[in-house]
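The values are calculated or read from the model by the stated rules, or taken from the named source; none is laboratory data. Please read all numbers here as calculations on a predicted model, not as lab measurements. Every residue, glycine as well, gets a Cβ built from its backbone with ideal geometry; the counts of neighbours run over all protein chains shown. With ligands, DNA and RNA removed, areas are computed over all heavy atoms of the protein, side chains included. Shrake-Rupley method; radii C 1.70, N 1.55, O 1.52, S 1.80 Å.
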Amino acid sequence: MQKMKRFYKAATAGLTDGGYGVLLDGRPVKTPAKAALAVASQALAEAIAEEWQGQDDEIDTASMSINNLTCTAIDIVGPQRQRIVDDLIDYGGHDLICYWSDETGDLLNRQQQLWQPLLDWSAQSLAAPLSKTCGVISQDQPPASLAALRDAVEVHDTLALTGLTTAAQAAGSLIIGLALSHGRLDAEEAHRLSQLDELYQAERWGEDAEAAARREHLRQEMLAAARFLELVRQGGAA
């Protein structure tokens, strides 16, 4: 990814047309699609300004996770909301935590200990009981449960939906993403639960450098999603 030279001295948060935005030497930042970067949350705008202010002589956009998620919300999630909601329900229809080991032993015990409480939470708090199976053969979930999951997703505004989507994709699980969004899990817990199988295999057969790097990337994605959701919550609806 080509980096660009830093062209400003000061990045600050302030009121702009449409809400709080980020000003670079007094000029408002726009998204990659040239839309106004304006949000309802002052805390979110201040966090984005901190990312811009923290850049060195060259701007590394990959290091600006909160800015990037906000731009994604404005440029992509808002205009394509229905498709994104549908994609999330597909995650719920084949959720990671519904597919358990088909062998007795330590992995199955861990899944029972760590995944079953999330399935119980989905049934009780979201009114979305999900069927679990042993093995990898796909199974359909009850239509009423999928409808309840859709309701749980659709209450998220554009910014929160972006955070939820990032978390669900990093976990491979809508239930884990919703548990993070609801404060049922923190980012580290969400990541560990999503990597339960992989961590077990690493313990059993040894660590693989490429797999470890992939897990760390997903962990950083989850941490960014969690921080983004917290900032969004501080500022109300977008």
Return the pair list, or none, for Cβ contacts closer than 6 Å from residues in the stretch 46-70 that are open to solvent by 50 Å² or more (accessible area, probe 1.4 Å) to residues that are of a type outside the set (D, E, K, R), at least 6 apart or on different chains. E46/A13; Q53/A11
Checking E216 against (1) under 20 Å from L69 (Cα atoms); (2) touching a residue at least 12 places away in the same chain (Cβ under 8 Å), which single condition isn't satisfied? (2)
Kindly establish whether A238 is surrounded by 15 or more Cβ atoms within 10 Å (Cβ to Cβ), closer than 19 Å to I84 by Cα and modelled with pLDDT of 95 or more. no
Restricting to the stretch 179-230, and then to whatever is within 15 Å of the chain's Cα centre (by Cα) and among the basic types (K, R), can you tell me which residue is farthest from D106 (Cα to Cα)? R227
Look through A127, A148 and report the one residue that is among the small types (G, A, S), closer than 21 Å to V85 by Cα and open to solvent by less than 50 Å² (accessible area, probe 1.4 Å). A148
Working carefully through the options Q112, Q42, Q80, find the one that is surrounded by fewer than 18 Cβ atoms within 10 Å (Cβ to Cβ), of a type outside the set (G, A, S) and touching a residue at least 60 places away in the same chain (Cβ under 8 Å). Q42
Of the conditions (1) touching a residue at least 12 places away in the same chain (Cβ under 8 Å); (2) over 30 Å from A40 (Cα atoms); (3) open to solvent by 30 Å² or more (accessible area, probe 1.4 Å), D120 clears all except one; give me its number. (1)
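Rundown of residues vs (1) closer than 22 Å to N67 by Cα; (2) of a type in the set (V, I, T); (3) at pLDDT 95 or above, yes/no style:
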{"residue": "V136", "(1), (2), (3)": "no, yes, no"}
{"residue": "A167", "(1), (2), (3)": "yes, no, yes"}
{"residue": "S181", "(1), (2), (3)": "yes, no, yes"}
{"residue": "L185", "(1), (2), (3)": "no, no, yes"}
{"residue": "A190", "(1), (2), (3)": "no, no, yes"}
{"residue": "S194", "(1), (2), (3)": "no, no, yes"}
{"residue": "A212", "(1), (2), (3)": "no, no, no"}
